[in-house]
There are 2 protein chains.
Amino acid sequence: MDTHKVMTRKETRVVKIGKIKIGGGNLVSVQSMTQTKTYDVDSTVKQIHLLENAGCEIIRVATSDMQSAKAIGEIKKQIHIPLVADVQFQYLCALEAIKQGVDKIRFNPGNIGSKEKVEAIVNACKDKNIPIRIGINMGSLEKDLFEKYGKYGVPRVMLESATRHIKILEDLKFYDIVISLKGSDVNITKEAHLLFASRFNYPLHVGITEAGPVWSGTIKSAVGIGSILSEGIGDTIRVSISGDPQEQVRIGWEILKTLKLRQKGVEIISCPTCGRTEIDLIGLAAKVDTMLKLVDAPIKVAVMGCVVNGPGEASFADIGLCGGKKQAAIIKQGRVVKTVHEKEMLRVFIEEIKKVLKEKKFEKEIKNIRNKYE
Amino acid sequence: MDTHKVMTRKETRVVKIGKIKIGGGNLVSVQSMTQTKTYDVDSTVKQIHLLENAGCEIIRVATSDMQSAKAIGEIKKQIHIPLVADVQFQYLCALEAIKQGVDKIRFNPGNIGSKEKVEAIVNACKDKNIPIRIGINMGSLEKDLFEKYGKYGVPRVMLESATRHIKILEDLKFYDIVISLKGSDVNITKEAHLLFASRFNYPLHVGITEAGPVWSGTIKSAVGIGSILSEGIGDTIRVSISGDPQEQVRIGWEILKTLKLRQKGVEIISCPTCGRTEIDLIGLAAKVDTMLKLVDAPIKVAVMGCVVNGPGEASFADIGLCGGKKQAAIIKQGRVVKTVHEKEMLRVFIEEIKKVLKEKKFEKEIKNIRNKYE
């Protein structure tokens, strides 16, 4: 049964970052940032290739010095996804990055120092049709706004800070703007997004910043980015955990998959097991998961322990297995198509999954099923 | 700076499960379910002790047979948290579990078979002041309701199914009810919760069912449970992944911590690093994380890579470290208190964390700082 239904999403302006469009109902894209020294072209390109492979669709590089800004042209030649220059205060680096063909600039106009410098960057962006992301960060907000709104007013401080930077660009008749409102506090960050979305229609780059080490950072990012997206807010996402940036990209995709905003790979539904379970369900689910890891087809596979919720949940899946006493039922479109002994269930189940891939015209993905599960 | 602020939570009835109160603004509790055969008392008690140790506050056991129901009294004697009997169709098991002193029954009155049987259970619950959880599951919904609402109407089917079961109990003047509305689809599950919360004020037990293997199940649970809680909905939670139930409890706590609904252990804020980072930030964050894993004090520790967002984010933390070139600044209440060489930074940072624990009256937690990080 097809019960996919995506939440109503807030209508935003469309902004083009190279070949990727964000906002205005375009697919929510996954982005990341390199950890290398940008001027080290070889290392940077190598990391970007790994990230592309993991599913990264837009990549950002730190551009805090002229040597890094000058490297952008060479990096661009060697990669396949749009490149964003992250500039903090150095307006000459921004100008150089634009000259080198960067696809987006991330800088906050209020931090650049003078109106003339901002105007120079904005004019260069206009000439090349390059958008600007204003990145509001809970860690670098204006002191006067804190005094105005008090310690519980951080979301309003973030909104007003964004409003100030946006005004600088709008006064220069520049509207090709993306906004981010990042914080390490999920409640504050979500509230800031709700406030912003009720006031502006610029597309939002969503992230929970400084989310922490891998395990807790994964959960924090999933709760934070997930709860904002589930409000229909957000046009591109970036997961920030202290770990391998490829893992950040994989987590980003998984959040989008969970919310049915994107499809990538197989969705596995499996139960936590309980005293009713008579087969090694956790082992089986882990094996099926490993074997299907590289299969990129939007099918839903259920691995269920017992007859209480098993057949019902399996009916929402394309193919399901439901454990019994030393045996298992294989369920397709809500009907039991086969009953197999426990010893045979993994092999037969994988055969049935292959049939589903064939029926759904993903025959070429069959070769991506791993033969081993360890 | 204290920026903790919990979202406004929906007002619900208070329901008592043994010593734990849920609903009505009580703390959101973390629960789990055993994977053992309930009649195997030794294995069940052993697993419950592990779960208690991980932070489980309410435990449920499958009670599908009389042997398991009869074991409940003995299990209760050996554990320290409230016990819930999960009954599917066998009303005699429910009656036996109540006789054995169980603290809550999970059963759906519409599935028991006759009015007389439901009445027998309800009367037994009234006598002993035991609440009932009605567990609506996307995998076992009524066919007639599916026909009524169509394939995109699953949230309404879940609501109406709950309404039917609730009516049976209310007609018997029984109101000591907890509801769960679980599905493996996050969007559907969230929508069902929003519909339910706008209609009823019974407390909600929140979970994403059959969330899948550990990694994807963690993300799905965090997105699903997190986005429901962040609407102010939910009074107790259970994470269902195919894996160790202790891990389910740890994930549950981490979701609540992320949303500031509960406090447990240290919160670590650390950045993903970028081309600006000059120290081994990821390694340092992982080490600090490992060393503080067993420390149960609600302090916030920031480990930041550079001066762009570092000092600002660190000012939201109780203690922070901010990397520079071969050195690091230690920041307390927004002020740099020390600058140390890279080689010394971990040791000195841990010393400063000890001082914070002492100042915040968590001196007894200092002994829980691990000396090693591997």
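Where a number appears in this text, it was derived from the coordinates with a stated rule and is not lab data. Model, not experiment: these values are computed from the prediction. Cβ placement follows ideal geometry from the backbone for every residue including glycine, while neighbour counts extend to all protein chains displayed.
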Q | With eigenvalues of the C-alpha gyration tensor scaled by 5 and rooted, region A:15-258, Å | A | 25, 23, 16
Q: Would you pull out the residues with amide H under 5 Å of A:ARG262's amide H, same chain only if 5 or more places away, H placed 1.01 Å from N?
A: A:LYS257
Q: Can you tell me how much longer the chain between A:ASN53 and A:ASN129 gets when fully stretched, taken as 0.36 nm per residue apart minus their C-alpha distance, in nm with one decimal?
A: 24.6 nm
**Q.** Counting DSSP beta bridges with both ends in region A:1-121, the antiparallel % (nearest 5)
**A.** 25 percent
**Q.** Label distances, nm, B:THR8 versus same residue in remaining copies, Cβ-directed 7 Å point
**A.** 2.0
Q. Looking at region A:63-115, which chymotrypsin sites (Phe, Trp or Tyr not before Pro) are in a loop (DSSP not H, G, I, E or B) and have at most 14 other Cβ atoms within 10 Å?
A. A:PHE89
Q | Label 7 Å beyond Cα on the Cβ vector: B:LYS325 copy-to-copy distances, nm | A | 7.4
Q: Find the Rg to Rh ratio for the protein assembly as shown, where Rh is the Kirkwood radius over alpha-carbon pairs and Rg uses the same atoms.
A: 0.99
Q) How much length is gained on full extension from B:LYS355 to B:GLN333, taking 0.36 nm per residue of separation minus their Cα-Cα distance? A) 6.6 nm
Q: Would you mind checking the tilt of helix B:214-229 against the longest principal axis of the Cα atoms of chain B, expressed as 0 to 90 degrees and rounded to 10?
A: 80 degrees
Q: List the lysines whose Cα lies under 26 Å from the Cα of A:LYS173, skipping any in the same chain that are fewer than 8 positions away.
A: A:LYS10, A:LYS16, A:LYS19, A:LYS21, A:LYS99, A:LYS104, A:LYS115, A:LYS117, A:LYS126, A:LYS128, A:LYS182
Q) Mind checking the angle between helix A:245-258 and chain A's longest principal axis? C-alpha axes, 0 to 90 degrees, to the nearest 10. A) 60 degrees
(Q) List the trypsin sites (Lys or Arg not before Pro) within region A:89-159 that DSSP assigns to loop and that have no more than 13 neighbouring Cβ atoms inside 10 Å. (A) A:LYS151
**Q.** Neighbourhood charge, 10 Å Cβ-Cβ cut-off, centred on A:VAL337 and excluding it, Lys, Arg +1 and Asp, Glu -1
**A.** +3
Q) Name the GluC sites (Glu not before Pro) in region B:147-179 that are in a loop by DSSP and that have at most 15 other C-beta atoms within 10 Å, would you? A) none
**Q.** Förster radius 22 Å - calculated FRET efficiency between B:ASP144 and B:ASN201 (Cβ-Cβ, nearest 0.05)
**A.** 0.25
(Q) Run the simple label-point estimate for A:SER114 and A:LYS343 please: 7 Å along Cα→C-beta, distance reported in nm. (A) 8.4 nm
Q. How high is the relative contact order of region B:267-368, given as a whole-number percent (alpha carbon pairs under 8 Å, six or more residues apart)?
A. 23 percent
Q: List the distances, in nm to one decimal, from the label point of A:VAL336 to the label points of the same position in every other copy, shortest first, placing each label point 7 Å from Cα along the Cα-to-Cβ direction.
A: 7.2
Q. Which FRET efficiency, nearest 0.05, do B:ASP296 and B:LYS21 yield, Cβ-Cβ r, R0 25 Å?
A. 0.70
Q: Scan around A:LYS338 for amide H atoms under 5 Å from its own, H built in the peptide plane at 1.01 Å from N, and keep only partners 5 or more places away or cross-chain.
A: A:ILE330
**Q.** Under the Karplus curve 6.51 cos²θ - 1.76 cosθ + 1.60, θ = phi - 60°, whole-Hz ³J(HN,Hα) for region B:325-336, x wherever Gly or Pro sits
**A.** 7, 6, 8, 9, 9, 9, 10, 10, 6, x, 10, 6
Q: Quick one: dipole size for chain A, taken about the Cα centre, charges +1 on Lys/Arg Cβ and -1 on Asp/Glu Cβ, in debye to the nearest 20.
A: 800 debye
Q. For chain B, what does -39500 (n - 2.57) per DSSP helix run (n ≥ 4), summed and divided by total residues, give at 222 nm, in deg cm²/dmol to the nearest 500?
A. -13000 deg cm²/dmol
Q | Within-14-Å neighbourhood charge of A:GLU359 [Cβ basis; K, R +1; D, E -1] | A | +3
Q) What ranking do A:ILE112, B:ILE188 get, fewest neighbouring Cβ atoms within 10 angstrom at the top? A) A:ILE112, B:ILE188
Q: Using only Cα atoms, find the angle between the long axis of helix A:281-292 and the longest principal axis of chain A, and express it within 0 to 90 degrees, rounded to the nearest 10.
A: 60 degrees
Q: Could you let me know the centre-to-centre spacing of region B:267-336 and region B:61-78, using Cα atoms, in angstrom?
A: 48 Å
(Q) What does DSSP give for region A:267-368 in terms of the percent of beta bridges that are antiparallel, rounded to the nearest 5? (A) 60 percent
Q) What net charge is computed for the residues neighbouring B:TYR175, neighbours being all others with C-beta under 14 Å from the C-beta of B:TYR175, Lys and Arg scored +1, Asp and Glu -1? A) +3
Q. Does anything in region B:291-326 have its amide N under 15 Å from the 7 Å Cα→Cβ label point of A:TRP215, and if so which residues?
A. B:291-296
Q: Quick one: pull the percentage of alpha-carbon pairs in region A:6-65 with a separation above 17 Å.
A: 51 percent
